[in-house]
Ligand SMILES: [Mn+2]
């Protein structure tokens, strides 16, 4: 590998308000400029937007600098994957058509430089969180999505913004490490390892950068988020490292 693979997630653009989000967006575009010369593939692993819904011919306003930068990188031949997060699972085909992003709905299994990766946003995996697992089914149900799509955008976005301002990002509570035994995505990964070996499990969603040794030559790397940490993962062909971009 002569170039690197980068992983980032949970930008939550749009939250907690316009000004903060714009500042963060500029910071993220700075980071993309920084990694671009060494980047062959970029994995955006969910919750890029605090809310995104695509109507037939209408998309939400804003986030234009990020979209422009991603388009530029894609035009230069960098492959970009966009995972659906629990906040932006309603992407349709706009980013694929306009930018060339590949949309990933659930997990993506890849092999690079002889290493196997299990990639997922991280929502709805592992023990617990039954309420969300049920909601996820509703949110991902085509009929429910259709029902939402026939609401006038003014009303749909009003509902969504209300929901989004009650989210973790809006409350800006820092997540606390639960210990290797209790981190539910580590529990999920250990179960998965019983079926199949992966060198790396990479998730977002947790809003906490983590690098956990799972034993059996396997690691769980959580790439964190961009409100407090500006953290990301980089794979150089040998190692997957957790890094931090300069503070916003
Ligand atoms: Mn998130």
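General remarks:
- Residues 47, 123, 106, 75, arranged from fewest to most other Cβ atoms within 10 angstrom of their Cβ, appear as 75, 106, 123, 47.
- Counting neighbouring beta carbons within 10 Å and listing from fewest to most, the residues 48, 234 come out as 234, 48.
- For the chain, built as a Gaussian network whose Cα springs stay under 10 Å, the top-fluctuating residue of 164, 218, 149: 149
- Taking the chain and dividing mean pair separation by its residue count, relative contact order in percent (alpha carbons under 8 Å, at least six apart): 23 percent
- Hydrodynamic radius of segment 2-83 per Kirkwood, over alpha carbon pairs, in Å: 13.3 Å
- DSSP bridge orientation in the chain - percent antiparallel, rounded to nearest 5: 45 percent
- The three principal axes of the Cα atoms in the chain give end-to-end lengths of 52, 42, 31 Å, sorted in falling order.
- Square roots of 5 times each gyration tensor eigenvalue, C-alpha, segment 109-248, largest first, Å: 31, 19, 15
- Taking the centroid of alpha carbons for each part, segment 78-109 and segment 181-248 are 20 Å apart.
- Per-residue [θ]222 nm for the chain (sum of -39500 (n - 2.57) over DSSP H runs n ≥ 4, rounded to 500): -9500 deg cm²/dmol
- Segment 121-165 - Debye-derived log10 I(q)/I(0), Cα point model, q = 0.14, 0.32, 0.33 Å⁻¹: -0.43, -1.07, -1.08
- Beta-bridge orientation, segment 153-236: approximately 60 percent antiparallel, per DSSP, counting only bridges with both partners inside.
- Size descriptors for segment 1-145, from the alpha-carbon set: Rg then Dmax equal 15.6, 45 Å.
- Anisotropy class of segment 58-129 from Cα gyration tensor, a/c 1.5 cut: oblate
- Backbone N under 17 Å from the residue 1 label point (7 Å along Cα→Cβ), restricted to segment 95-118: 108-118
Every read-out reported here was derived from the displayed coordinates using simple, explicitly stated rules and does not represent laboratory data. Only a predicted model underlies this, so the values are computations on that prediction, with no experimental measurement involved. Counting neighbours? That spans all protein chains shown, and the Cβs are built from the backbone with ideal geometry, glycine included.
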